[in-house]
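Working notes for the structure below.
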Amino acid sequence: AKSPVRIAVTGAAGQIAYALVFRIASGALLGPDQPVILHLLDLPPMQGALKGVMMELEDCAFPALAGMVATDDPKTAFKDIDIGFLVGARPRGKGMERKDLLGANAEIFTVQGRALNEAAKRTARILVVGNPANTNAHIAMKSAPDLSPDCFSAMIRLDHNRAASMLAGKAGVAVDAIEKLVVWGNHSPTMYPDYRFAEANGRKLAEIIGDEAWNRDVFIPTVGKRGAAVIEARGASSAASAANAAIDQVRDWVVGSHGRWVSMAVASDGSYGIPEGIMFGVPVTTEAGTVTRIPDLAMDEFARERFALTLNELKEERDAVAHLLG
Ligand code: NAI
């Protein structure tokens, strides 16, 4: 029998986690034959609700669910974990400015980064979902100096999936026929979904679509504002699709993307002129926990503009929290 994989989920009593933990336990992440132990972290007032989630997990009788730990202590939650989904974060409250939001989350992700540094497996793969996801991931990484920066990434996959689905509809192709799609930058409305390199069934997607005005005036803004559109329609923020994207990103990361490009926000190695350490969405291929960036993609004038916009936002976020990182 395979030995169990320990998977932490933070914000475990929240709505994304409610869509995430059942799919992990059912085998959607690592397959139904891989036993998993869930480490569920949430704040003290949420422990009752968390207990209810655990009751439901028990009631699913998932064969792959080999155990559960519920806690409000990050070190306990991250003890010996192989995989971490960092979903819990401080939402923007009324009258809260961006710098307050960054500061409140910097505190959370400093504490969690230190706890990961102390307790997680050295090979752990940690995905940050909680917003502002890229900068939270940057903070956690900086707070865990004994873990390789390769242990961390931030979620840009929901944006990637949103873009892929919209492109498939426009081009009249199957969504899984789309290859070489990129979402660059920050998980925020400044992100740059870029299908200049994308192909479907051996043809350039841009040629099939043949509508550059649609790219600039419809596609890019619609992908960028999709999260707000879901809130407007549903009265609550994206949860099932966010959980699905988290599973997609981590599954590709730890199992492998089989040569397909996927977008992941990873700590920059300096390529594309992105300062080292900034968590920036880039195209990668993945294999058993290792990420290989796709290098040297050409930038035209429009692409350079869009790229700079999202990079500048991430530089500002980094600078706004720098003093909190010691
Ligand atoms: P939610 O409010 O339903 O749940 C968040 C949970 O996190 C709550 O149970 C809360 O008690 C918990 N929490 C807060 N601080 C914590 C801490 N320090 N330690 C442990 N738990 C903590 O929110 P939801 O809808 O589940 O969203 C979670 C986060 O994911 C939000 O920050 C949201 O903006 C972000 N998000 C990111 C996306 C992405 O593409 N990167 C997409 C959608 C949402």
Taking the Cβ of E287 as the centre, find all other residues whose Cβ is under 14 Å away and add up their charges (Lys, Arg: +1; Asp, Glu: -1).
-> +2
Report, in whole Å, the centroid distance computed from the Cα atoms of the range 221-240 and the range 88-145.
-> 23
Which value, in Å² and to the nearest 10, is the accessible area of R98 when all protein chains are kept and the probe is 1.4 Å?
-> 90
Amide H partners (placed H, <5 Å) of V5, local residues excluded | V36, I37
Can you send over the carbon and sulfur percentage of the accessible area for the chain, probe radius 1.4 Å, protein chains only?
-> 52
Computed over the chain: longest principal axis from alpha-carbon atoms vs helix 15-26 long axis, angle to nearest 10 degrees, is 80
Computed over the range 201-326, protein heavy atoms only, probe 1.4 angstrom, the accessible area per residue in square angstrom equals 50
At R0 = 25 Å the Cβ-Cβ FRET efficiency linking D100 and K75, nearest 0.05, sits at 0.40
May I ask you to list the lysines whose Cα is less than 24 Å away from that of K99, ignoring any residue fewer than eight positions away on the same chain?
-> K142, K225, K315
Counting Lys and Arg as +1 and Asp and Glu as -1, what is the net charge of the other residues whose Cβ lies under 12 Å from the Cβ of E212?
-> -2
What shape does the range 173-326 take by its C-alpha gyration tensor, where a ≥ b ≥ c are the square roots of the eigenvalues and a/c under 1.5 counts as rounded, a/b above b/c as prolate, and the rest as oblate?
-> rounded
Rounded to the nearest 500, what is the 222 nm mean residue ellipticity of the chain from helices alone, with -39500 (n - 2.57) per DSSP H run of 4+ residues and division by all residues?
-> -13000 deg cm²/dmol
Sum of side-chain charges, K142 neighbourhood, beta-carbon under 11 Å (Lys, Arg +1; Asp, Glu -1) = +2
For the range 56-85 and the range 259-322, write down the distance between their C-alpha centroids in whole Å.
-> 32
Over what distance in Å are the Cα centres of the range 167-205 and the range 17-35 separated?
-> 27
Could you go through the range 39-46 in sequence order and give the Karplus-derived ³J(HN,Hα) for each residue, using 6.51 cos²θ - 1.76 cosθ + 1.60 with θ = phi - 60°, rounded to whole Hz, and x for Gly and Pro?
-> 10, 10, 10, 8, 6, x, x, 9
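The values are calculated or read from the model by the stated rules, or taken from the named source; none is laboratory data. Computed from a predicted structure; not experimentally measured. Every residue, glycine as well, gets a Cβ built from its backbone with ideal geometry; the counts of neighbours run over all protein chains shown. All accessible areas refer to the heavy atoms of the entire protein, side chains included, with ligands and DNA or RNA removed. Shrake-Rupley method; radii C 1.70, N 1.55, O 1.52, S 1.80 Å.
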